[in-house]
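Below is one structure, written out as structure tokens, with a few remarks after it.
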Amino acid sequence: MAVKSVLTNQTDFTGEIPVTKNTSALWRFNEPQPDGNMQLADSSGNGRHLTVSGWSGTTASLISGRFGRYFRMNINNPATEKTHLVAANDGTFFSDLGDKIAVGGWINPTTYSVGQTYVPLFNTRQGPGQPLFYLSLYQGRPRMMLYNSAGTLILDQSETPSFTMVNGGWYFIAAVIEVTAKTSQIILCNRADGTVWVAPKRAFTGTPNPSCIADIVLGMHANQYYFAGGFDDWFLEVGSELTIEDLRRYFQQAMLGNGGDTNSAVDAITEPGAVTLKKGADNNYPASGVLTTIAAQCSLAGSGRVSVASEYAAGITAVSLVETSTSDDLADWSAWQAVGTNGELASPNREYICYRITLSTNDAARTPKLLDITLHDIPKAPYERLGFSRPVVLDANGAWEAVLENAYDIIATGEVNGADTLDFKFPYNDPKRASLDNEKQVQIAGDIYRIRTLTDEKGSDGSGILTTVYAEAAFYDLTFSAEKQPVEFNADLPSAPMRYALEGTSWSLGTVDVTTLRTWQCNEKNALAILRRVQQLHGGDLVFDSRNRLVSLLAFSGRDNGALFAYRKNLTGIKRVVDTRSLVTRLYAFGKDGMTFSSINGGKEYVEDYTYSNEVRVSTLDCPNFTNPYQMLEFANMRLAEYARPRVSYVLSAMDLSVLTGYEHEQWSLGDIVTVDDRDLNLSIKTRIVRRQYNLQEPWKTVLELSSKLRELGDSPTDAFADQLGQSNLIGQEIKDMVPFNHLRNSRADDGFAYWQNSGFEVDTENGLTGTASFKATGSLGATKSMAQTVYPASRRSYTISAQIGSDNLQKGANGQVGIELVFEYEDGTTETRFIDLL
């Protein structure tokens with residue numbers, strides 16, 4: 001997968017003129033007022049700031065516009081206000097003109113500026129020394145004047161555009177002076193309707209002044225002629241590489257971006273390189289805002305996928321909608337279309353693409369932050385199926401470099417929730433051997449691998465040299481992600497830790513339909529280790545889409561499409577293994593500090609399952625990180641469901657008939673449920689493909705490993721579950737000892753519901769642990785029952801939340817939760833909510 005384009009700079013979101021390596025000066029006018037030296041900043045980084053002459057007592061101001069702020073001057077009477085801008089030349093402005101000079105920017109003229117005979121825009125005629133060029137308006141039309149080193153005019157050309165500039169209009173005007181080729185050309189663009197007018201190239205004789213040390217003056221000449229109106233985003237380039245077509249394209253692209261528009265609800269200027277909702281005068285953010293970007297390159301070789309990097313608070317702020325539109329000419333655009341769930345591009349494939357991004361918030365004090373937008377080009381694989389395909393070497397951009405037709409012994413090995421590797425051999429003397437190198441990517445049908453080892457070996461008979469290649473699936477690179485810091489997850493769905501794992505990588509979260517909640521401490525150091533741990537804790541199948549850089553966790557990744565393996569059809573060999581060496585029927589579990597779940601399991605410290613065998617076969621789960629007996633009981637039952645049955649597996653030598661014409665319906669994939677039929681073994685069973693060694697060159701030699709276990713569960717007995725607030729393991733006498741220091745009042749129900757806000761609970765006066773009473777609730781599907789109390793603790797460094805819980809036949813609904821919710825209010829008035837999951 002190649003990256004086609006990335007939008008991440010301020011100018012990508014606003015449409016302002018971008019800085020290039022040749023930019024000599026760039027004045028954006030985004031500050032609210034001049035600095036203490038009465039200067040406006042040069043955004044090129046070259047320190048060529050503009051000094052405002054005539055600020056006080058005039059109409060000069062920096063006011064809101066399309067690209068942030070712009071400079072407005074001489075509105076009432078240019079003859080008396082005389083406001084203009086000066087960049088003092090330190091002698092370096094024009095010391096090396098190069099082959100081309102480019103100059104221009106945006107103007108917002110008044111009636112005065114389009115009606116007077118002489119109106120200066122960009123002037124070097126004020127000195128010191130001889131001028132270089134002078135861009136102005138002559139009777140409302142663009143005019144270019146060029147000078148040689150003697151101060152003699154070598155070009156004086158007024159142009160007549162196809163449209164007339166009017167009072168209050170916004171226009172982009174620029175010129176390209178070809179110093180070596182001796183031509184000058186002007187472009188004038190109208191933002192109101194998108195009209196672009198390009199003047200003919202004007203030839204001149206002589207040499208533009210190579211030793212000009214004149215100052216740059218915007219909006220004034222000879223203390224007599226002045227510009228009235230607005231300036232925005234003016235630039236100067238010497239040694240420029242810009243062409244008139246580049247400037248045309250800039251204007252057409254800039255027409256789209258609204259991140260700097262002060263009338264929009266988004267802000268791409270306050271924090272350069274990021275887009276947020278725009279804070280209002282009341283210091284609050286709007287509920288939503290829509291960003292439109294400039295146009296970026298599209299023109300895909302294959303299919304497209306859009307990924308968006310952002311910062312957000314789950315459930316509060318979001319980049320809630322991503323839409324695209326495409327064009328071949330930057331004028332006619334397709335209708336806006338939302339990207340797919342995984343970022344799939346739905347707009348037609350054209351030369352340019354524009355994005356419309358909706359940012360939203362449920363909290364007026366918080367905003368999401370958009371960081372970048374990336375368009376990925378996913379070339380269509382030269383082979384659509386594994387069977388008979390060959391390795392394709394990709395270049396650094398993800399494009400095809402070489403198809404290895406002479407590769408052989410090509411084996412793709414894959415496992416459900418396990419390995420994904422590629423091995424093949426290749427003649428050393430083949431010219432395409434030069435395309436193979438460590439860490440290069442290789443594509444097999446829709447899968448991407450990275451070469452890890454290359455082994456060149458000469459046979460004992462000296463007959464030739466052979467290269468053996470070993471490659472790993474692209475997702476193995478997640479092992480080398482930036483080191484992850486420990487983090488706690490509290491009653492979270494698997495999408496939360498998966499999203500954390502993928503932060504800072506080039507991968508995105510795909511589909512997650514596993515709905516188990518887990519509370520645990522994540523100490524894994526890299527992205528792949530976290531993803532593997534998530535799968536072990538939550539269950540399901542971890543699926544990596546290397547072409548699209550997506551990671552999904554599915555309750556079940558395969559299909560049951562009726563594929564059949566049978567002798568005299570596609571089955572050439574079979575081995576069945578029934579293994580009871582690890583059979584367990586009674587399973588004990590012990591958590592932190594010897595915690596058991598006996599108090600919620602009828603007094604038993606174990607769970608039992610005699611479905612397969614009546615014999616008592618005992619084993620123990622050591623779960624030192626469990627502090628929650630409900631979760632440990634759930635985990636023990638999940639483990640016993642596996643241990644209480646024989647492990648049955650099958651190893652098949654099978655043919656992939658789907659590669660043959662007319663047998664496409666016989667296609668199967670890793671993770672699918674298939675039927676195996678063998679009369680000699682008296683066997684007819686539905687089972688799952690959990691591992692495959694696919695022989696690409698000879699699909700009839702493929703080896704499959706199947707298991708009768710149709711759902712993949714975690715397999716670690718020591719998973720690090722931990723309540724985020726560190727639940728206490730104190731019981732019995734220790735709880736009693738804590739009562740004098742308890743901040744909760746009437747915590748034992750001795751005084752009924754005194755001090756409590758109750759909704760759905762009742763007092764049980766007959767059953768109490770540390771007293772004679774307790775609080776009780778009878779569950780009801782679809783209803784919420786709660787009791788709450790506000791406490792004002794003393795100034796301590798830490799607090800313990802403890803409770804003794806009893807339950808009888810407790811069952812949760814689809815979105816049910818049982819636990820303790822704490823809302824912390826801090827001194828500054830902010831609040832934080834934490835939930836301790838008890839089941």
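Would you check if there is a residue in the stretch 629-641 being of a type in the set (Lys, Arg) and in contact (Cβ under 8 Å) with a residue 60 or more places away in the chain? Spell out the reasoning first.
We begin by selecting, within the stretch 629-641, every residue of a type in the set (Lys, Arg); these are 639.
Still in the list and also in contact (Cβ under 8 Å) with a residue 60 or more places away in the chain: 639.
Yes, the stretch 629-641 contains at least one residue that is of a type in the set (Lys, Arg) and in contact (Cβ under 8 Å) with a residue 60 or more places away in the chain.
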Item to check | strands (runs of 3 or more DSSP E) completely within the stretch 185-300 that count 1 or more residues being among the polar types (S, T, N, Q), in contact with a Leu (Cβ under 8 Å, 6 or more places away or on another chain) and surrounded by 15 or more Cβ atoms within 10 Å (Cβ to Cβ) | outcome: 275-277, 288-292
Checklist outcome for this item: Within the stretch 784-803, the residues that are loosely packed, with under 12 Cβ neighbours inside 10 Å, hydrophobic (A, V, I, L, M, F, W, C) and modelled with pLDDT of 80 or more are 788, 791
Checklist entry - Tell me, which residue of the stretch 816-839 that is part of a loop (DSSP other than H, G, I, E, B) and modelled with pLDDT of 80 or more is surrounded by the fewest Cβ atoms within 10 Å (Cβ to Cβ)? => result 830
Checklist entry - Of the numbered conditions (1) over 22 Å from residue 398 (Cβ atoms); (2) within 26 Å of the chain's Cα centre (by Cα); (3) of a type in the set (Gly, Ala, Ser), residue 460 satisfies every one except a single condition; which is it? => result (2)
Checklist entry - So, of the residues in the stretch 323-352 that are over 18 Å from residue 3 (Cα atoms) and among the aliphatic types (A, V, I, L, M), which turns out to be surrounded by the most Cβ atoms within 10 Å (Cβ to Cβ)? => result 330
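Residue 456 - would you say it is surrounded by fewer than 19 Cβ atoms within 10 Å (Cβ to Cβ), in contact with a strand residue (DSSP E or B) (Cβ under 7 Å, 6 or more places away or on another chain), over 22 Å from residue 692 (Cβ atoms) and assigned by TED's automatic domain parsing to the domain that holds residue 296? Walk me through how you get there before you give the answer.
Values: surrounded by fewer than 19 Cβ atoms within 10 Å (Cβ to Cβ): yes; in contact with a strand residue (DSSP E or B) (Cβ under 7 Å, 6 or more places away or on another chain): yes; over 22 Å from residue 692 (Cβ atoms): yes; assigned by TED's automatic domain parsing to the domain that holds residue 296: no.
When the stated conditions are applied, residue 456 does not pass them.
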Next on the checklist: Any residue in the stretch 504-530 that is in contact (Cβ under 8 Å) with a residue 12 or more places away in the chain and under 23 Å from residue 626 (Cα atoms) sitting within a Cβ distance under 8 Å of a residue that is outside any loop (DSSP other than H, G, I, E, B) and small (Gly, Ala, Ser)? List the pairs, counting only those 6 or more apart or interchain.
Outcome noted: 517/491; 518/491; 519/491; 530/501
Checklist outcome for this item: Picking from 421, 341, the residue that is of a type in the set (Ser, Thr, Tyr) and without any contact (Cβ under 8 Å) to a residue 60 or more places away in the chain would be 421
Checklist entry - Can we say residue 411 is over 23 Å from residue 553 (Cβ atoms) and either modelled with pLDDT under 90 or crowded, with 17+ Cβ neighbours inside 10 Å (or both)? => result yes
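Pick from 617, 581: which is surrounded by fewer than 21 Cβ atoms within 10 Å (Cβ to Cβ) and in contact (Cβ under 8 Å) with a residue 24 or more places away in the chain?
Details: 581 fails: in contact (Cβ under 8 Å) with a residue 24 or more places away in the chain.
Unique residue meeting the criteria: 617.
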Next on the checklist: For a quick check of your reading of the model, give me the residue pairs whose first member lies in the stretch 80-94 and is in contact (Cβ under 8 Å) with a residue 40 or more places away in the chain and under 27 Å from residue 229 (Cβ atoms), whose second is surrounded by 12 or more Cβ atoms within 10 Å (Cβ to Cβ) and among the charged types (D, E, K, R), with beta-carbon atoms closer than 8 Å and at least 6 apart or on different chains.
Outcome noted: 86/215; 87/42; 87/48; 87/215; 88/215; 89/215; 93/48
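Residue 313: touching a Lys or Arg at 6+ places or on another chain (Cβ under 7 Å) and closer than 30 Å to residue 31 by Cβ, yes or no?
Working: touching a Lys or Arg at 6+ places or on another chain (Cβ under 7 Å): yes; closer than 30 Å to residue 31 by Cβ: no.
Spelling it out, it is not the case that residue 313 is touching a Lys or Arg at 6+ places or on another chain (Cβ under 7 Å) and closer than 30 Å to residue 31 by Cβ.
Does residue 583 qualify as being assigned to a strand (DSSP E or B), of a type in the set (A, V, I, L, M, F, W, C) and at pLDDT 90 or above? Spell out how you get there, then give the answer.
Values: assigned to a strand (DSSP E or B): no; of a type in the set (A, V, I, L, M, F, W, C): yes; at pLDDT 90 or above: yes.
No; evaluated as a whole, the condition is false for this residue.
Can you give me the number of residues within the stretch 478-507 that are more than 15 Å from residue 314 (Cα to Cα) and surrounded by fewer than 20 Cβ atoms within 10 Å (Cβ to Cβ)? Break it down into steps so the answer makes sense when it comes.
Kept after step one, since they are more than 15 Å from residue 314 (Cα to Cα), are these residues of the stretch 478-507: 478-488, 501-502, 504-507.
Checking the rest, the ones that are also surrounded by fewer than 20 Cβ atoms within 10 Å (Cβ to Cβ) come to 479-480, 482-488, 504-506.
The total comes to 12.
Does residue 396 fit the bill of being in contact (Cβ under 8 Å) with a residue 24 or more places away in the chain and either closer than 23 Å to residue 3 by Cβ or surrounded by 18 or more Cβ atoms within 10 Å (Cβ to Cβ) (or both)? Walk me through it before giving the result.
Numbers: in contact (Cβ under 8 Å) with a residue 24 or more places away in the chain: no; either closer than 23 Å to residue 3 by Cβ or surrounded by 18 or more Cβ atoms within 10 Å (Cβ to Cβ) (or both): yes.
For residue 396, the condition - in contact (Cβ under 8 Å) with a residue 24 or more places away in the chain and either closer than 23 Å to residue 3 by Cβ or surrounded by 18 or more Cβ atoms within 10 Å (Cβ to Cβ) (or both) - is not met.
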Checklist outcome for this item: Checked the stretch 177-226 for anything of a type in the set (A, V, I, L, M, F, W, C) and under 39 Å from the mean Cα position of the chain (by Cα); matches are 187, 188, 189, 192, 196
Next on the checklist: From the list 422, 466, 454, exactly one residue is more than 27 Å from residue 3 (Cβ to Cβ), in a strand (DSSP E or B) and either among the aliphatic types (A, V, I, L, M) or modelled with pLDDT of 90 or more (or both). Which is it?
Outcome noted: 466
Next on the checklist: Taking the criterion of being closer than 17 Å to residue 24 by Cα, in the same structural domain as residue 236 (by TED's automatic domain parsing) and either loosely packed, with under 15 Cβ neighbours inside 10 Å or β-branched (Val, Ile, Thr) (or both), would at least one residue in the stretch 128-147 satisfy it?
Outcome noted: no
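Scan the stretch 600-608 and tell me whether some residue there is part of a loop (DSSP other than H, G, I, E, B), among the acidic types (Asp, Glu) and under 30 Å from residue 512 (Cβ atoms).
Initially, the stretch 600-608 is screened for residues part of a loop (DSSP other than H, G, I, E, B), giving 601-605.
If we keep only those that are among the acidic types (Asp, Glu) too, we end up with 605.
Those left that are additionally under 30 Å from residue 512 (Cβ atoms): none.
Checked the stretch 600-608: no residue is part of a loop (DSSP other than H, G, I, E, B), among the acidic types (Asp, Glu) and under 30 Å from residue 512 (Cβ atoms).
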Checklist outcome for this item: When the stretch 609-643 is checked residue by residue, the ones that are assigned to a helix (DSSP H, G or I) and more than 26 Å from residue 802 (Cβ to Cβ) are 638, 639, 640, 641, 642, 643
Item to check | Index of the failed condition, residue 659 passing every other in (1) touching a Lys or Arg at 6+ places or on another chain (Cβ under 9 Å); (2) at pLDDT 80 or above; (3) of a type in the set (Val, Ile, Thr) | outcome: (2)
Checklist entry - From the set of residues in the stretch 296-306 that are polar (S, T, N, Q) and in contact with a Phe, Trp or Tyr (Cβ under 9 Å, 6 or more places away or on another chain), which is nearest to residue 251 (Cα to Cα)? => result 297
Checklist entry - Do you know which of the residues in the stretch 358-375 that are in a strand (DSSP E or B) and buried (at least 24 other Cβ atoms within 10 Å of the Cβ) is farthest from the chain's Cα centre (by Cα)? => result 359
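The values are calculated or read from the model by the stated rules, or taken from the named source; none is laboratory data. In this text, all values refer to a predicted model and were calculated from it rather than measured experimentally. Reconstructed Cβ throughout: ideal geometry from the backbone, glycine too, with neighbour counts over all protein chains shown.
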